[in-house]
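The values are calculated or read from the model by the stated rules, or taken from the named source; none is laboratory data. These figures come from a predicted structure and were not determined experimentally. As a convention, Cβ positions derive from the backbone with ideal geometry for all residues, glycine included, and neighbour counts pool all protein chains shown. Calculation scope for accessible area: heavy atoms of the full protein, side chains included, ligands and nucleic acids excluded. Shrake-Rupley method; radii C 1.70, N 1.55, O 1.52, S 1.80 Å.
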Amino acid sequence: HPEQAIHMPSAIERRQAVYFWLPAAVESVSAREVAKLALYSMLSACIDRQRSNPAEPVRQVYLVIDEFQRIAAENFKVILEQARSFGLSMTLANQSVTDLHTPSFDLRPTVRTNTRIKRYFSVTDPREVRELSDISGLEVMYMSTHTSSSSGHSAESVRDMLKPRFTTNDILAASDHPLDSILHVSRGSGYTQFAGLPIMVRSGWPLSQEDYTKLQRQPWPEVSQFPEEVVVVSDKSPADIDRERDREMGEKALAMMQALLASKA
């Protein structure tokens, strides 16, 4: 049924939610390719909408990718570098920053540069711990030394030295705590002005264990469960929609050209 196909331009116009369930453990090859196809289709729809309707405000689109490392590739750099300018906001979740570095490509610099918020729930890799400690900044630490002589005289000296704001022990302790994480906001504003430095955050669970288990056991909703006015089902195929839009754009371009020629005559 082509009329039931997922058409990204229509999903953006109607502000719909599209969910892809791609079990990478079962179908690792096909899951990666389908995810990349969906991603590029969405980006292309965002770019085409903005270029076709430059006078209209940008339609904000939110994309959430779990297990991002499963589809990360070198050509993903283009998406991260251009997505924001076309109204595409991305939330990328992966197990470890190290997963973004393979023998063929390294996405770590691109992700760090093009993401404004980074949140570390668990950091155990020694290299990641060192890098996070390095970007945490420096602070002054005072060390006190006590000395005593055989005659009973004692003296105390205090000296200052610089140390990382987050030591290795601090990072490991935050990673071990179930409610702690490290939040790093670049170019902060409003309530997130932390001078570009990472901070420790403690947050509770957004829902109870009982509600989580209940939601996990519920099946995905079906079209038949909702009234007709709630579910949008197109009576046209994606190809028909694209052809109609191309024809409308051609008519607009022809009208503009005729108006331009008439003004010169």
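Take the Cα gyration tensor of region 39-94, multiply each eigenvalue by 5, square-root it, and list the three semi-axes largest first, rounded to whole angstrom. All intermediate terms of the calculation are to be shown ahead of the outcome.
Working: eigenvalues 103, 25, 13 Å².
That gives 23, 11, 8 Å for the three semi-axes.
Of the chymotrypsin sites (Phe, Trp or Tyr not before Pro) found in region 181-227, those that fall in a DSSP loop while having at most 14 other beta-carbon atoms within 10 Å are Y191, F194. Using Cβ point charges alone (K and R +1, D and E -1), the dipole size of region 59-210 about the Cα centre works out to roughly 560 debye. Dipole of region 161-213 computed with +1 at Lys/Arg Cβ and -1 at Asp/Glu Cβ about the Cα centre; of L207, H184, A173, farthest Cα towards the positive end is H184.
Which value, in Å², gives the accessible area per residue of the chain when a 1.4 Å probe is used on the protein heavy atoms?
Working: 19080 Å² over 265 residues.
It amounts to 72 Å² per residue over the chain.
Residue by residue, region 209-216 carries 3J(HN,Hα) couplings of 4, 5, 5, 4, 5, 5, 5, 4 Hz when phi is fed to the Karplus relation 6.51 cos²θ - 1.76 cosθ + 1.60 (θ = phi - 60°); x denotes Gly or Pro.
Quick one: dipole size for region 195-264, taken about the Cα centre, charges +1 on Lys/Arg Cβ and -1 on Asp/Glu Cβ, in debye to the nearest 20. Before the final figure, lay out the partial values.
Working: 9 positive and 12 negative charges, 92 e Å.
Dipole size: approximately 440 debye.
Within the chain, the longest run free of trypsin sites (Lys or Arg not before Pro) that sit in a DSSP loop with at most 11 other Cβ atoms within 10 Å is 16-186. Within the assembled protein chains, the solvent-accessible surface assigned to L92 is about 40 Å², based on a 1.4 Å probe.
Output the relative contact order of region 73-170, whole-number percent, from Cα pairs under 8 angstrom with separation of 6+ residues. Numbers along the way, then the final one.
Numbers: 80 pairs, mean separation 21.4, N = 98.
So the answer I get is 22 percent.
The heavy atoms of I117 offer some 110 square angstrom of accessible surface to a 1.4 angstrom probe. Modelling each spin label as a point 7 Å along the Cα-to-Cβ direction, I'd like the Q258/F194 distance in nm, to one decimal. About 5.9 nm, to one decimal.
Can you send over the carbon and sulfur percentage of the accessible area for the chain, probe radius 1.4 Å, protein chains only?
Details: 10540 of 19080 Å².
Here carbon and sulfur together make up 55 percent of the probe-accessible area.
The mean sequence distance of close C-alpha pairs (under 8 Å, at least 6 residues apart), as a share of the length of the chain, puts its relative contact order at 16 percent. Eigen-decomposition of the gyration tensor built on the alpha-carbon atoms of region 6-124 gives equivalent ellipsoid semi-axes of 26, 17, 13 angstrom, largest listed first. Placing unit charges on each Cβ (+1 for Lys and Arg, -1 for Asp and Glu) gives the chain a dipole about its Cα centre, and among T102, L254, F226 the Cα reaching farthest toward its positive end belongs to L254. Using a Cα-Cα cut-off of under 19 Å, which lysines could be cross-linked to K118, ignoring same-chain neighbours fewer than 8 residues away? Candidates past the 8-residue exclusion: K77. The modelled label-to-label distance for the pair V34/M249, using points 7 Å beyond Cα in the direction of Cβ, is 2.9 nm.
Remark on region 73-175: hydrodynamic radius 17.3 angstrom, per the Kirkwood mean of 1/r across alpha carbon pairs.
Within region 165-230, list the GluC sites (Glu not before Pro) lying in a DSSP loop whose Cβ has at most 16 other Cβ atoms in a 10 Å radius. Hits after loop and neighbour filter: E222, E228, E229.
For the chain, what is the charge dipole size about the Cα centre, in debye to the nearest 20, if Lys and Arg each add +1 at the Cβ and Asp and Glu each add -1 at the Cβ? Intermediate values should be presented prior to the final figure.
Details: 30 positive and 34 negative charges, 163 e Å.
That gives the chain a dipole magnitude of about 780 debye.
The label point for H146 and the one for F226, both projected 7 Å from the Cα toward the Cβ, are 7.1 nm apart.
Helix content alone sets the calculated 222 nm mean residue ellipticity of the chain: runs of n ≥ 4 DSSP H residues at -39500 (n - 2.57) each, divided across all residues, give -12000 deg cm²/dmol. Taking all protein chains as shown and a probe of 1.4 angstrom, Y40 keeps an accessible surface of around 80 Å².
Here the relative contact order of region 111-265, from alpha carbon pairs under 8 Å that lie six or more residues apart, stands at 19 percent.
When N is the residue count of the chain, what does its C-alpha Rg come to as a fraction of 2.2 N^0.38 Å?
Numbers: Rg = 26.9 Å, N = 265, 2.2 N^0.38 = 18.3 Å.
Ratio of Rg to 2.2 N^0.38 Å for the chain: 1.47.
Pair-distance distribution P(r) for region 106-253, from all Cα-Cα distances in 5 Å bins starting at 0: 1, 6, 9, 10, 10, 8, 7, 10, 9, 8, 7, 4, 2, 2, 1, 1, 1, 1, 1, 0, 0 percent.
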